[in-house]
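The values are calculated or read from the model by the stated rules, or taken from the named source; none is laboratory data. Because the structure is predicted, anything quoted here is derived from the model rather than measured. Because the Cβ atoms are built from the backbone with ideal geometry, glycine has one as well, and the counts that use them run over all protein chains shown. Note: areas computed on protein heavy atoms with side chains; ligands, DNA, RNA excluded. Shrake-Rupley method; radii C 1.70, N 1.55, O 1.52, S 1.80 Å.
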Amino acid sequence: MTVAEIATILDANIITGHDRTDHLIEIAFASDLMSDVLTLKNDNVLLITGLANLQTLRTAEMSDIHCIVFARNKKVTPEMQELAEENDIIVMECRYSVFRTCGILYQAGISPIF
Amino acid sequence: MHFEYQIEGGNFTRAGFASSEIKKMLKQLNVDLAIIKRTVVATYEAEVNVVAHAYSGTIYVDVDEKKIIIKLVDEGPGIPDIEQAMKEGYSTASSRVREMGFGAGMGLPNMKKNADDLKISSEVGKGTTVEIRMRFSS
Ligand SMILES: Nc1ncnc2c1ncn2[C@@H]1O[C@H](COP(=O)(O)OP(=O)(O)OP(=O)(O)O)[C@@H](O)[C@H]1O
Ligand SMILES: [Mg+2]
């Protein structure tokens, strides 16, 4: 699925990466625990999280994660946006809960890691 | 080449800055992407540990075309039992650290998995030294 399609089914706001909405996503992982995200071996994972701070973006940067959905109305601060742009990370804000976000994406065919 | 970075204990805004610089440098050196990821994940875990558990620290980086050695030296409480600290799930992280998304007790075991070679030494009441070594040819 493309980022544009994901944004549509999640009714999400794309905050950064408007120029890369054709980016393809096949697998996703949901966690608020950054030390858990850092154990993933896969590249190009979509991260769904309710943890919105600078370390979420740093974790994505180190883990080669290029796309993040912040669930449950968590807001992306200007500092987070800057870090996302610097590292070419696509960031979306979504009002659905982590559970609902995952359910929609799973149903749409996005694969889990484990 | 030799680089040094300072780490401020408790400063979660800056945590990851050094790891980010190291990542950019390794990309410029055209190091294999899988090796870069293992290097920066281990370094970032170590950097966050200094921010989360120590008072201040310095990262010393030595890199050539074959390898990189990253040494993190901190002033802090030290680790009384390194073997115990290496166990998955062991953590003394504060609630503030947990709110930042850390404190699962997975950092040290993950560093061990990612680094080609990991050395940890610590003196209680003084500080901890972590050395990560990576070879660029697989
Ligand atoms: N630099 C350090 N100074 C003092 N204590 C440390 C240091 N690094 C690790 N420790 C101790 O070892 C424990 C385990 O570290 P580890 O990185 O595995 O987990 P964590 O930092 O608590 O959580 P996580 O890494 O999953 O976010 C820490 O909780 C802390 O007690
Ligand atoms: Mg840790």
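Keeping all protein chains in place and using 1.4 angstrom, which order do A:Leu24, A:Leu10 fall into by accessible surface area, from largest down? The partial results should precede the final answer.
On the way: A:Leu24 100, A:Leu10 0 Å².
Sorted by accessible area, descending: A:Leu24, A:Leu10.
Quick one: compute the contact order of chain B, relative version, from alpha carbon pairs under 8 angstrom and 6+ residues apart, as a percent. List each step's numbers first, then the result.
Numbers: 269 pairs, mean separation 38.4, N = 138.
So the answer I get is 28 percent.
What 222 nm value per residue comes from the helices of chain B, counting each DSSP H run with n ≥ 4 as -39,500 (n - 2.57) and dividing by all residues, nearest 500 deg cm²/dmol? Mind dumping the intermediate values first?
Details: 5 runs with 50 residues, N = 138.
That comes out to -10500 deg cm²/dmol.
Kindly provide the helix-only [θ] at 222 nm of chain A, computed as the sum of -39,500 (n - 2.57) over DSSP H runs of four or more divided by all residues, to the nearest 500 deg cm²/dmol?
Values: 5 runs with 39 residues, N = 114.
Mean residue ellipticity at 222 nm (helix-derived): -9000 deg cm²/dmol.
Output ³J(HN,Hα) for the stretch B:105-121: one whole-Hz value per residue in order, computed from phi by the Karplus curve 6.51 cos²θ - 1.76 cosθ + 1.60 with θ = phi - 60°, and x for Gly and Pro.
Along the stretch B:105-121, the couplings run x, 10, x, 5, x, 5, 4, 4, 5, 8, 7, 5, 8, 10, 10, 10, 9 Hz.
Going 7 Å from the Cα of B:His2 along its beta-carbon direction, which residues of the stretch B:39-73 have the amide nitrogen within less than 18 Å of the resulting point?
Taking a point 7 Å out along Cα→Cβ of B:His2, the residues of the stretch B:39-73 whose backbone N falls under 18 Å are B:58-73.
When DSSP assigns beta bridges and you keep just the ones with both residues in the stretch A:3-112, what percent turn out antiparallel, to the nearest 5?
Values: 3 of 17 bridges.
Taking every DSSP beta bridge with both residues in the stretch A:3-112, the antiparallel ones total about 20 percent.
Given a Förster distance of 41 angstrom, what is the FRET efficiency for A:Asp11 paired with A:Asp36, based on the Cβ-Cβ distance and rounded to 0.05?
Values: r = 27 Å, r/R0 = 0.65.
After rounding, the FRET efficiency stands at 0.95.
Once you keep just the Cα pairs under 8 angstrom separated by 6 or more residues, what percentage relative contact order results for chain A? Don't jump to the answer; show the numbers that get you there.
Numbers: 211 pairs, mean separation 37.3, N = 114.
After rounding, I find 33 percent.
Any chance you could check the Cα centroid distance between the stretch B:60-134 and the stretch B:18-50 for me, in angstrom?
The stretch B:60-134 and the stretch B:18-50 have Cα centres spaced 15 Å from each other.
So which of B:Lys66/B:Lys87; B:Lys23/B:Lys119; A:Lys74/B:Lys37 end up more than 25 Å apart by C-alpha?
Working: B:Lys66/B:Lys87 31 Å; B:Lys23/B:Lys119 21 Å; A:Lys74/B:Lys37 28 Å.
The pairs that break the limit, which is 25 Å between Cα atoms, are B:Lys66/B:Lys87; A:Lys74/B:Lys37.
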